[in-house]
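Step one of this worksheet: look at the structure below.
The values are calculated or read from the model by the stated rules, or taken from the named source; none is laboratory data. It should be emphasised that the depicted structure is a prediction, and the values quoted were computed from it without experimental measurement. As a convention, Cβ positions derive from the backbone with ideal geometry for all residues, glycine included, and neighbour counts pool all protein chains shown.
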Amino acid sequence: MRMSVLGAGRVAHHLAKVLAKQHQVIDVYSRRLSSAQQLAQQVGANAITQVQALNPEIDLAIIAVSDQAIQSVISEVAPYLKDVLIVHTSGSTHLDVLSHIHPRAGVFYPLQTFSFESQIDWANTPLFIEAKHEQDQAQLLALADQISQRVYAYNSEQRLSLHLAAVFACNFSNSCFAMAKQVLDAQQVDFSLLYPLMRETTHKATQHDPKQVQTGPAIRGDQHILNMHQQMLMGAKREDLQQVYALMSQQIQQQQ
Ligand SMILES: NC(=O)c1ccc[n+]([C@@H]2O[C@H](COP(=O)([O-])OP(=O)(O)OC[C@H]3O[C@@H](n4cnc5c(N)ncnc54)[C@H](OP(=O)(O)O)[C@@H]3O)[C@@H](O)[C@H]2O)c1
């Protein structure tokens, strides 16, 4: 397939690189030439900063820009890619956002956390496909099958629920790791001492119902410890962490 990528961020980087192994990436579009060039060089594509410069002789355009920019980017590119299948990669953007503007619309959503720093295990990354037309859906499913062993045809409502769940499972838990690091940094204690605990927590949560394997002072109802931790955070003038601690402890106790 001949394809182009719009956006040169985290998802664009990882997706363009895996697709370029079997397909031809024609253009990489980004607002800044340096970003477009950085990715384009890695996948043998042209770097462009104007949508008018897009080569229309492609089978697929992948829009991997920030969620709030998806609609405006689609509106901009659609007139230049009239017969081309255009997909976005967002968990929380309904297919209608695209299909209202462009008839050959689809979604190619990877349920994974992408950073420039880390490698992606594509074979085990679930890919969620949706398309306005059956033929386009079949084409996207076939493409996804080349990358991952876990490919699903889900509708927008299902995908939106997955993304909401992913915010809890990934973004919030990572933010908890960051808060834990701040607590230790304040006492010059090495954060890596928590790694075995963090790994076991994730492992256990994937082997059992997470609610059943909850541990800690909140689930035990150990009020003395809960109070002491609140005092420690107050002493450290971390009112923000105090609030998170109280809300999370309450949530754990309500889950019982
Ligand atoms: N990161 C993840 O873990 C992840 C996982 C699954 C799906 N997604 C989805 O993938 C999409 C891209 O996410 P990302 O994490 O790759 O984002 P990102 O790293 O923040 O990159 C966003 C890209 O969008 C471009 N952009 C922003 N506003 C724009 C505008 N008005 N016009 C044109 N380009 C614009 C940025 O260009 P500049 O460099 O010029 O700002 C950048 O290239 C989103 O829909 C997101 O929900 C992300």
Subset of the stretch 26-48 [within 14 Å of the ligand (Cβ to nearest atom) and surrounded by fewer than 15 Cβ atoms within 10 Å (Cβ to Cβ)]: R31, R32, L33, S34
Test: residue in the stretch 77-86 that is more than 20 Å from the chain's Cα centre (by Cα) and farther than 26 Å from L141 by Cα: no
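Would you confirm, using the coordinates I've provided, whether S173 is within 15 Å of the ligand (Cβ to nearest atom), surrounded by 12 or more Cβ atoms within 10 Å (Cβ to Cβ) and over 30 Å from S99 (Cα atoms)?
Judged against the criteria, S173 is a match.
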Checklist (1) more than 7 Å from the ligand (Cβ to nearest atom); (2) touching a residue at least 40 places away in the same chain (Cβ under 8 Å); (3) assigned to a helix (DSSP H, G or I); (4) out of contact with any Leu (no Cβ under 9 Å at 6 or more places or on another chain) applied to V77, failing item: (4)
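Name the single residue, out of those in the stretch 233-243 being part of a helix (DSSP H, G or I) and closer than 14 Å to M179 by Cα, that is farthest from the chain's Cα centre (by Cα).
Just the residues of the stretch 233-243 that are part of a helix (DSSP H, G or I), to begin with: 233-235, 239-243.
Subset that is closer than 14 Å to M179 by Cα: 233, 239-243.
On the way: L233: 32, E239: 30, D240: 26, L241: 25, Q242: 28, Q243: 27 Å.
For the stretch 233-243, the residue satisfying everything is L233.
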Close pairs from the stretch 196-211: first of a type in the set (G, A, S), partner surrounded by 11 or more Cβ atoms within 10 Å (Cβ to Cβ) and at pLDDT 95 or above, Cβ under 7 Å, at least 6 apart: A205/V213
Hits in the stretch 121-149 - residues which are charged (D, E, K, R), surrounded by 14 or more Cβ atoms within 10 Å (Cβ to Cβ) and either within 16 Å of the ligand (Cβ to nearest atom) or over 24 Å from M3 (Cβ atoms) (or both): E130
Members of the stretch 52-70 found to be surrounded by 17 or more Cβ atoms within 10 Å (Cβ to Cβ), without any contact (Cβ under 8 Å) to a residue 60 or more places away in the chain and within 16 Å of the ligand (Cβ to nearest atom), listed by number: L54, A61, I62, I63, A64, V65, I70
